[in-house]
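Here the structure comes first, spelled out in structure tokens, and everything after it is commentary.
The values are calculated or read from the model by the stated rules, or taken from the named source; none is laboratory data. Fair warning: this is a prediction, and the values are worked out from it, not measured in the lab. Every residue, glycine as well, gets a Cβ built from its backbone with ideal geometry; the counts of neighbours run over all protein chains shown.
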Amino acid sequence: MTRIAATNITSPLGLTTAENYAAVRQGKSALRELDGCLGLPGHFCVGIFPDALRAQVQLEGFSWYESLVIWSVKEALSHTDIPVSSPRTALILGTATAGIGELAETPEKDGLYLAPGLAAKKIADTLGFVSTPITVSNACISGATAQMLAQRLIAAGIYDAAVVCGADVLSSFVLAGFDSFKALSPVECRPFDMERLGLNIGEGAATLILTKENEQADDWCLVDGCLNNDAYHVSAPIPSGDGLARAIRKVADPDRISLLACVTAHGTATLFNDQMESKALASAGLGDIPTTAFKSHFGHTFGASGILEPILTMCSLDEGKILPLRGFEELGVSGKISICSCLQETDKKAFIKTQSAFGGCNGAVLYQKGSGPEAAPKQTLYETVKTVEIDPEGLSVDGQSIPLENQGAALLPEIFKKYLADGSRFFKMDLFSRLAYVGTGLLAKDTLEDSAPEDRGLLICTLNGSVLADRKHLSTFSEEYYPSPAIFINTLPNVVLGEIAVTHQIQGETTLVMLPSLDDACLETLLRTTLAATTPSALIAGFVDCESENVFRASLKLLKLKKR
């Protein structure tokens, strides 16, 4: 259990938690219908900052994404005395696309665009952090993943406090990408409603400051959480909701369910996600718990949503209220779910936040006001059973060089054809995805049969992630405006983890972390804390990065739980 010492929400509805809660409490929405948004043809409904508010937040010499993060973190820090200059204070960011907007809006020159890990370093240096900043990029569950990582690092005694900020920005790049999937609603979204048409994209940042300090009766705490993978499809949720239901069950046993005031749902208002989520809530025994959602106020803020939305729930429960789901009129899903359609009273002080994402990811996080029982530390031992190294010059397995004919980017198709050839989407993948896919495939082949799917995990660290795919996606824009959905899906760097999970039925936790530089000590810390918190039977972990078509590296290993 980790104490929440301070919060901030920075959105089109306000620059503080109090301003945002007051606006939501009054039923206000940041969503605006625009023709020709951000230079794109067509009609859109988006959650976008008004010019005057944006001018307050924008910093000279910083991208819009960096400015949002800096503002949100500084405002949250103003409510605490947490020492950012201490090596025992972490900065952890959660984002789906980070500053990808700056790349899209400067086609001749990248301008302010930095890979997320480097952007995090720039932000950390500006704010005075001395610890290595960590960026989690797990698509829409990035905010939840960042919080879980922070809790683990604090519980392991590596940090005393963690500043966790989730942020994403609205850009033509992202808007066009989701439009190519036909996933956008032209009007305000209506989660779980019969008349829902799709999602709205929004922008914003939200910050939680977590600390190990002793909990007081009036403290909100992050109690527990679970992350996993459907292992079903990279962009479509499993219809049964099995993955999300498993995550919920991990954090909500019958005793905990009785304490819940509500569920704050992901509620994207897309046809398939809302249907899946209703099935998951029903399957996990939460069908009678009041359920609300906040995307009709802000749009889908991606990495920010997993932090912004629980902060609002904490505010409402402090007031003894469960806020209604804005725009909801008639239930349009088949799973048993109790939508909060009007303001409700409650004296309970606990809730669950659910999330799902591209790449097959799911998350459920439990928050509670006041202290509770601490989980007993787990004692586990692991051994490395196989290693794989790939670079432009060749392949080695367990330290032995494997003879191959090709080098450079042509090396990866050769490895795939010789050793995998599994009918996957390999030849539609970007270079980063191909590298991660073949590296993990060599480790997983014929080695995972002795572990259950839900006991398999995946942890990949990177520097550049999907930057090469980002640039390629931008090149598919034309005057006729036909961005490629096939390329856009690979601009989310965690999507390859979904590809790997589907192929090898990895239904445990799958996480992608972006760093500013290759830091072996940081990689080892991430590995140890992941193993201690999730205790998988098998975990594939390591470093995968592509700087260019002919500069890349994968260094991966398969670890298995030692049998006693």
**Asked** Counting only residues that are acidic (Asp, Glu) and either assigned to a strand (DSSP E or B) or within 18 Å of the chain's Cα centre (by Cα) (or both), how many does segment 162-196 have?
**Response** 2
**Asked** In segment 492-508, is there at least one residue being outside the structural domain of Val136 (by TED's automatic domain parsing), crowded, with 19+ Cβ neighbours inside 10 Å and of a type in the set (D, E, K, R)?
**Response** yes
**Request:** Tell me, please, whether a residue that is crowded, with 24+ Cβ neighbours inside 10 Å and either closer than 21 Å to Ile506 by Cβ or in the same structural domain as Leu208 (by TED's automatic domain parsing) (or both) can be found in segment 446-456.
**Result:** yes
**Filtered residues of segment 340-359 (kept if out of contact with any Pro (no Cβ under 8 Å at 6 or more places or on another chain) and within 25 Å of Pro239 (Cα to Cα))** = Ile352, Thr354, Gln355, Ala357, Phe358, Gly359
**Criterion: farther than 30 Å from Ile500 by Cα, in the same structural domain as Cys342 (by TED's automatic domain parsing) and buried (at least 24 other Cβ atoms within 10 Å of the Cβ) - qualifying residue of Phe298, Phe302** = Phe298
**Request:** Within segment 251-291, count every residue that is among the basic types (Lys, Arg) and surrounded by 17 or more Cβ atoms within 10 Å (Cβ to Cβ).
**Result:** 1
**Request:** State all residues of segment 35-76 that are of a type in the set (Gly, Ala, Ser), surrounded by fewer than 22 Cβ atoms within 10 Å (Cβ to Cβ) and modelled with pLDDT under 95; if no residue qualifies, say none.
**Result:** Gly36, Gly39, Gly42, Gly61
**Asked** Out of all the residues in segment 222-240, is one or more of a type outside the set (Phe, Trp, Tyr), under 24 Å from Thr10 (Cα atoms), part of a strand (DSSP E or B) and in contact with a Gly (Cβ under 6 Å, 6 or more places away or on another chain)?
**Response** no
**Fill in**
Reported set for segment 161-209 where residues are more than 16 Å from Leu31 (Cα to Cα) and among the β-branched types (Val, Ile, Thr) is Val163, Val164, Val174, Thr207, Ile209
**Message:** Given (1) part of a loop (DSSP other than H, G, I, E, B); (2) farther than 12 Å from Ala265 by Cα; (3) at pLDDT 95 or above, identify the lone condition not met by Ser371.
**Reply:** (3)
**Request:** Using the structure shown, decide if Asp450 is at pLDDT 95 or above and among the acidic types (Asp, Glu).
**Result:** no
**Prompt:** When you look at Ser11, is it surrounded by 18 or more Cβ atoms within 10 Å (Cβ to Cβ), under 23 Å from the mean Cα position of the chain (by Cα), closer than 26 Å to Cys342 by Cα and modelled with pLDDT of 95 or more, yes or no?
**Reply:** yes
**Message:** When you check Val169 against the structure, is it more than 30 Å from Leu59 (Cα to Cα) and of a type outside the set (D, E, K, R), yes or no?
**Reply:** no
**Message:** If I ask for residues that are assigned to a loop (DSSP other than H, G, I, E, B) and polar (S, T, N, Q), which ones from segment 431-468 would you list?
**Reply:** Thr447, Ser451, Asn464, Ser466
**Fill in**
Residues of segment 116-161 being in a loop (DSSP other than H, G, I, E, B) and either among the aromatic types (Phe, Trp, Tyr) or buried (at least 22 other Cβ atoms within 10 Å of the Cβ) (or both), in sequence order, are Phe129, Pro133, Ser137, Asn138, Tyr159
